[in-house]
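The values are calculated or read from the model by the stated rules, or taken from the named source; none is laboratory data. For clarity, every value in this text was computed on a predicted model and none was experimentally measured. Positions of Cβ are backbone-derived with ideal geometry, glycine not excepted, and every protein chain shown enters the neighbour counts. Protein only, heavy atoms only, side chains kept; ligands, DNA and RNA dropped before computing areas. Shrake-Rupley method; radii C 1.70, N 1.55, O 1.52, S 1.80 Å.
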Amino acid sequence: MGQFPLLISLVTSVIYGGVQKSIDYLEPAFVEYVSGDGISQSSVSFHPQIDGFTRVYSFETPRLKDGPVIGGGKIGYFYYDLDLYTTPFTENSMLVIVHTKTSATSGYVANVALADGYNDRFDLTKLTVKVEIPRIMDTSNGSHTGSVKKIAYWPLKEESSQLGTHNTTSSFGFTAQFNSQITGGANLNGPYIQSTVGPSFSLTFGSSSTITTQDPEFSSQAIPNSSTDLNAFSYFADYAKYGRYTYTMNTYSLYEVGYNVANFNKNGFVVRYCIDMEVGENLLAYLDHYEHITYNYELRWNLGYNPSTVDYFA
């Protein structure tokens, strides 16, 4: 049998910015090939295929985050799922696509669906997803991951000015040989990546890359770098009326990551996936009571080792 990478993980948690974070630290290990896709023995959930990119990591199954009990029942829950794709770009960098899938269910919907222990007074009002690839530094020895460039994100709110072709040139390898194998899309009739001459490519957005619903109102955007937002894209759905069905948000975030690392593996990087679900309890026609289910997840992929004390920067 051939030798293919399989993933092993060590789960730890730390406090970052006053919020409990879940961190997975994962390293590829060469073991006997035992799965159909070389990712995980039990990776059975649906994962998009992206031509020209290799899927290097996926959750084995979507993960559950339950809400607190308020007024005699839980206010709701969401499932969250993550896939990572990479491809060489230039001799000095690679491209990374982060795919997330977040499904938010209010207490009302859970109760109607006969789930036990949920408060039917709560309806979905907002769902926000933020994806980041921060740089990380080991404060004990100065090791750091490579430079990061935000490139593109989808879906988009339907605006004619946002559709069409987005041309990108490498920030880290202007004289390097371009990976001509990058050609494909995130899904059928979705964003399409096409190679061009030199270390650049074009990314074409089509109609299936947009969201057109009026309620909830959808927005997606790149966020300026700050002390808390590091190479981040944000995706946001906001209900004018209460949402009384499960809202599922698929996001794709595209980055260029440089190989200019110190002591970590050159293909290593860190991903953050932050989720905030807001539900509202309609107490009176003029008074609403809002609660949140919030979760912040971090994945340290293929760093070479897991640093115990770190700083994050853009």
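Things to note:
- Among Thr87, Thr246, the sequence by solvent-accessible area, most first, with a 1.4 Å probe is Thr246, Thr87.
- Among the listed pairs Lys126/Lys241; Lys130/Lys157; Lys126/Lys149; Lys130/Lys266; Lys101/Lys130, a Cα-Cα separation exceeding 18 Å is found for Lys126/Lys149; Lys130/Lys266.
- The length gained on full extension between Asp66 and Arg244, counted as 0.36 nm times the residue separation minus their Cα-Cα distance, comes to 62.3 nm.
- Protein heavy-atom surface of segment 38-140, 1.4 angstrom probe: 48% of the accessible area is carbon and sulfur, with nucleic acids and ligands not counted.
- Computed over protein heavy atoms with a 1.4 Å probe, the accessible surface of segment 259-314 works out to 44 Å² per residue.
- Solvent-accessible ranking of Tyr25, Tyr79, largest area first, probe 1.4 Å: Tyr79, Tyr25
- Accessible-area value, Glu91, 1.4 Å probe, nucleic acids and ligands omitted, Å²: 120 Å²
- Computed FRET value (nearest 0.05) for Tyr290 with Thr213, which takes r as the C-beta separation and R₀ as 22 Å: 0.55
- Share of pairwise Cα-Cα distances greater than 20 Å in segment 41-162 is 62 percent (whole percent).
- Using a Förster distance of 30 Å, the FRET efficiency for Thr54-Asp116 (Cβ separation, nearest 0.05): 0.15
- Listed by chain and number, the aspartates and glutamates whose alpha-carbon sits under 19 Å from that of Lys74, ignoring those within fewer than 8 places in the same chain, are Asp66, Asp116, Asp120, Asp123, Asp276, Glu278, Glu281, Asp288, Glu291.
- Overall Cα dimensions of segment 210-314 - principal axes, largest extent first, Å: 59, 31, 24
- Less than 5 angstrom separates the built amide H of Val310 from those of Thr139, all sequence-distant by 5 or more or on a different chain.
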